[in-house]
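Step one of this worksheet: look at the structure below.
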Amino acid sequence: FFLVQQTEVNATHGNQPVVYAQGSDIIYNGYLSSAGYQLLLDTSANSGTKPARLVINSGGGPVDAGMDIGIWVFEKELDVLVIEKCMSSCANYVFPAAKNKEISEGAVVAWHGSAVEISQAAYEDFITDMLKNAEKHLAAFPAKEREIQKEQLVSNFKKWLNNQQIRQKGFFKIIGIDERVTVLGEEYGVVDFYFLSVEDMHKFGIKNIKAPINYAATDLTPFRKKKPIEFLKLKER
């Protein structure tokens, strides 16, 4: 099945995720989003077969959508099979929530941070980008009102981030995983994405994992065309 479906699962369809059912599998290809979450719910409800496994290829997405999908996977007691990649929010929330986890040959599950711990530099970069993206909208306001609008945007983001941090702590408590797995990069000086051995994932409570024997030596060339990524080996403590 997966040799036949590989091309279809990895096909690019813009930013809109592609979700469909095949037997007891639900296939999800694309970024995580609220629309993708709704597609999962609708596809599962209309498939006529109780889902047993989520087959996913995703570069991540908003943390709220990731947690929505992760809780759905956890409550449905689904297995997860990663085709090509499960990165960022997919690695944070979807992969560890599965009952049984499988990583296909050449695929990676990679983290690079989460809502709970965000560096000051990353926070400042986000605020800068947010205000830059809002420049066209803000230009319509008088100078004094423009500053008020900027302050409101920053305030709204702080409230949103605080809510996501609270929700994330509750999420990891529910699924029984140590959330520190999502923020190891800064501790180890990793520039961006990192992935771990099966043994090291076990240390954070992520168990029942099937991965290629040579998973730690996965060819990262295809991933590095888009983002820096490296294998991270935990220090003995």
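The values are calculated or read from the model by the stated rules, or taken from the named source; none is laboratory data. Computed from a prediction, not measured in an experiment: that's the story for all the values here. Note that we place each Cβ from the backbone using ideal geometry, even for glycine, and neighbour counts take in every protein chain shown. What goes into the accessible areas is simple: the full protein's heavy atoms, side chains included, and nothing from ligands, DNA or RNA. Shrake-Rupley method; radii C 1.70, N 1.55, O 1.52, S 1.80 Å.
Can you tell me the orientation of helix 34-46 relative to the chain, as the angle in degrees between its alpha-carbon axis and the longest Cα principal axis, to the nearest 10? Helix 34-46 sits at roughly 30 degrees to that axis. Across the chain, Cα-Cα pairs more than 24 Å apart make up 48 percent of the total. Straight Cα distances below 23 angstrom link Lys99 to the lysines Lys50, Lys76, Lys85, Lys169, Lys173, Lys203, Lys207, Lys210, with same-chain residues fewer than 8 positions distant left out. Per-residue surface analysis assigns Asp79 an accessible area of about 50 Å², computed on protein heavy atoms at 1.4 Å probe radius.
Label separation (Arg146 vs Asp192): 3.3 nm, computed from points 7 Å beyond Cα along the C-beta direction.
With a Förster radius of 22 Å applied to the C-beta separation of Glu105 and Arg224, the computed FRET efficiency comes to 0.75. Taken over the C-alpha atoms, the stretch 64-198 has Rg and Dmax values of 17.9, 57 angstrom. Ignoring ligands and nucleic acids, what accessible area does Ile229 show with a 1.4 Å probe (Å², nearest 10)? Number for this one is 10 Å².
Using a Gaussian network model of the chain in which every pair of alpha carbons under 10 angstrom is joined by a spring, one finds that among Val73, Val154, Val18 the greatest mean-square fluctuation is at Val154.
In this Cβ point-charge picture (+1 for Lys and Arg, -1 for Asp and Glu), the chain has a dipole of about 200 debye about its Cα centre.
Relative to the longest principal axis of the Cα atoms of the chain, helix 63-75 runs at roughly 30 degrees. Taking the helices alone, the chain has a mean residue ellipticity at 222 nm of -13000 deg cm²/dmol, built from -39,500 (n - 2.57) per DSSP H run of at least 4 residues and averaged over all its residues. Maximal additional length on extending the Glu199-Leu234 stretch stands at 11.6 nm, based on 0.36 nm per residue less the C-alpha distance. Once you divide the Cα radius of gyration of the stretch 49-131 by 2.2 N^0.38 Å, the number left is 1.21.
Expressed as a whole percent, the accessible area of the stretch 38-93 that falls on carbon and sulfur atoms is 46 (1.4 Å probe).
Give me the percent of accessible area attributable to carbon and sulfur for the stretch 112-235, probe 1.4 angstrom. Before the final figure, lay out the partial values.
On the way: 4320 of 8000 Å².
Accessible surface attributable to carbon and sulfur in the stretch 112-235 totals 54 percent.
Extension gain for the segment Lys210 to Ala21, taken as residue separation times 0.36 nm less the Cα-Cα distance, is 65.8 nm to one decimal. The convex hull defined by the C-alpha atoms of the stretch 46-91 has an orientation-averaged projected area of 3.4 nm². Rounded to the nearest 10 degrees, the inclination of helix 143-175 to the longest alpha-carbon principal axis of the chain is 30 degrees.
Between Ser47 and Ile127, residue separation times 0.36 nm minus the direct Cα-Cα distance comes to 24.6 nm.
Here is the list for the stretch 31-99: GluC sites (Glu not before Pro) lying in DSSP coil, each with at most 16 other C-beta atoms within 10 angstrom of its C-beta, are Glu77. Are there trypsin sites (Lys or Arg not before Pro) in the stretch 55-148 that DSSP puts in a loop and that have at most 16 other Cβ atoms within 10 Å, and which ones? Of the trypsin sites (Lys or Arg not before Pro), the ones in loops of the stretch 55-148 whose Cβ has at most 16 other Cβ atoms within 10 Å are Lys99. Using a Gaussian network model on the chain with a 10 Å cutoff between Cα atoms, which of Thr49, Thr128, Thr218 fluctuates the most? So, out of Thr49, Thr128, Thr218, the one fluctuating most is Thr128. Please list log₁₀ I(q)/I(0) at q = 0.09 Å⁻¹ for the stretch 122-237, using the Debye equation with identical point scatterers on the alpha-carbon positions. Those come out to -0.43, one per q.
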